[in-house]
Amino acid sequence: MKRGLYKARAVILNSIDYGESDRILTFHTLEHGKLTGIAKGARRSRKRFVGNIEPASEILLVFFHGGKSDMVRVEDASLIDAYSALKSDIERLSQACYLLELVAEMTREGQRLPGVFSLLTGFLKMLETEDGETVLRFFEIRLLSMLGYLPHLDCCVVCRRPFAAEERLFFSSEKGGTVCARCAVSAGSVAGISAGTARLLSMAAKFDTDKLGRLKPGAAFLEESEGILYDFIKFQIGKELKTKKFMAKLKNASL
Ligand SMILES: [Zn+2]
């Protein structure tokens, strides 16, 4: 990027305190992809940034890019959508933070991805009213698809044989998708997956965000796809996600 002042639509992915009064922010912008910036005096000057730089807020961001360093300087942030319904409920907030962490971990700095921006804002909106677990599963598969990591779901990824109806299937993160029973023997770590779950994931990967409401997944899909998708994501990024652990703690605490 050239040295200068820029304006961008952005969703705050992460915000950490820095020094006495500053904040370091990571945001995903519509125009420039993921960026990291410093908001000078953000913790002192309440007037300038008020609650606008909290994670999961969508803002109109004004920032200065020095031309050399990757870190930009945040000059102004005006609120477009606070997604307030997410912030008044700890479960929904943790689910929103999971979406943010996924985007932060799976994208590179400065990689222009306008589709990911629309996906994120669309799903934050959906998370305010729809079933959280369903929203998370659909977001995972749509994000993987958009970034070119979509697992194979329509045939055996090893022998390429199309599946018969009612066939017992498995999923291997290492092989990158569904495997038949014969290939599963030598595929290393695998998990069972029903044909229905594989089919629904494959459909959800192709659906536009506003049409996802037409898919009505049952409890079996949600349970099965959660482990499979998370294991696949972990395999792709090579680490655990902090918010996933937090969500698991929250679930145990509320039992
Ligand atoms: Zn096979």
Check: Yes or no: residue 165 in a loop (DSSP other than H, G, I, E, B) and modelled with pLDDT under 95?
Finding: yes
Checklist line | Qualifying positions in the range 169-183 - within 9 Å of the ligand (Cβ to nearest atom), open to solvent by 10 Å² or more (accessible area, probe 1.4 Å) and of a type in the set (A, V, I, L, M, F, W, C) | finding: 181, 183
Notebook entry, point to check: Does residue 204 satisfy the condition of being more than 12 Å from the ligand (Cβ to nearest atom), touching a Phe, Trp or Tyr at 6+ places or on another chain (Cβ under 8 Å) and within 30 Å of residue 108 (Cβ to Cβ)?
Noted result: yes
Item checked: Inter-residue pairs, beta-carbon under 7 Å, first assigned by TED's automatic domain parsing to the domain that holds residue 225 and within 25 Å of residue 117 (Cα to Cα) and in the range 147-166, second among the β-branched types (Val, Ile, Thr) and within 11 Å of the ligand (Cβ to nearest atom), 6+ apart -> 152/178
Next item on the list: Pull up the range 130-158, narrow it to residues that are open to solvent by 60 Å² or more (accessible area, probe 1.4 Å) and within 16 Å of the ligand (Cβ to nearest atom), then point me to the one that is nearest to residue 186 (Cα to Cα).
Entry: 158
Next item on the list: Could you tell me which of the residues 85, 56, 96 is farther than 21 Å from residue 6 by Cβ and open to solvent by 30 Å² or more (accessible area, probe 1.4 Å)?
Entry: 85
Check: Looking at the range 105-125, is at least one residue within 9 Å of the chain's Cα centre (by Cα), closer than 20 Å to residue 241 by Cα, of a type outside the set (A, V, I, L, M, F, W, C) and assigned to a helix (DSSP H, G or I)?
Finding: yes
Next item on the list: Please find, among 197, 243, the residue that is among the β-branched types (Val, Ile, Thr), closer than 23 Å to residue 106 by Cβ and either in the same structural domain as residue 14 (by TED's automatic domain parsing) or at pLDDT below 95 (or both).
Entry: 197
Checklist line | So residue 209, is it in the same structural domain as residue 155 (by TED's automatic domain parsing), at pLDDT 90 or above and of a type outside the set (A, V, I, L, M, F, W, C) | finding: no
Checklist line | Given (1) in the same structural domain as residue 179 (by TED's automatic domain parsing); (2) acidic (Asp, Glu); (3) open to solvent by 30 Å² or more (accessible area, probe 1.4 Å), index of the condition residue 101 fails | finding: (3)
Checklist line | Members of the range 215-255 found to be over 15 Å from the mean Cα position of the chain (by Cα) and under 15 Å from residue 139 (Cα atoms), listed by number | finding: 215, 216, 217, 221, 222, 225, 227, 228
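The values are calculated or read from the model by the stated rules, or taken from the named source; none is laboratory data. Bear in mind the structure is a predicted one, so any value in this text is a computation, not a measurement. Positions of Cβ are backbone-derived with ideal geometry, glycine not excepted, and every protein chain shown enters the neighbour counts. Areas reflect the complete protein model, heavy atoms only, side chains present, ligands, DNA and RNA absent. Shrake-Rupley method; radii C 1.70, N 1.55, O 1.52, S 1.80 Å.
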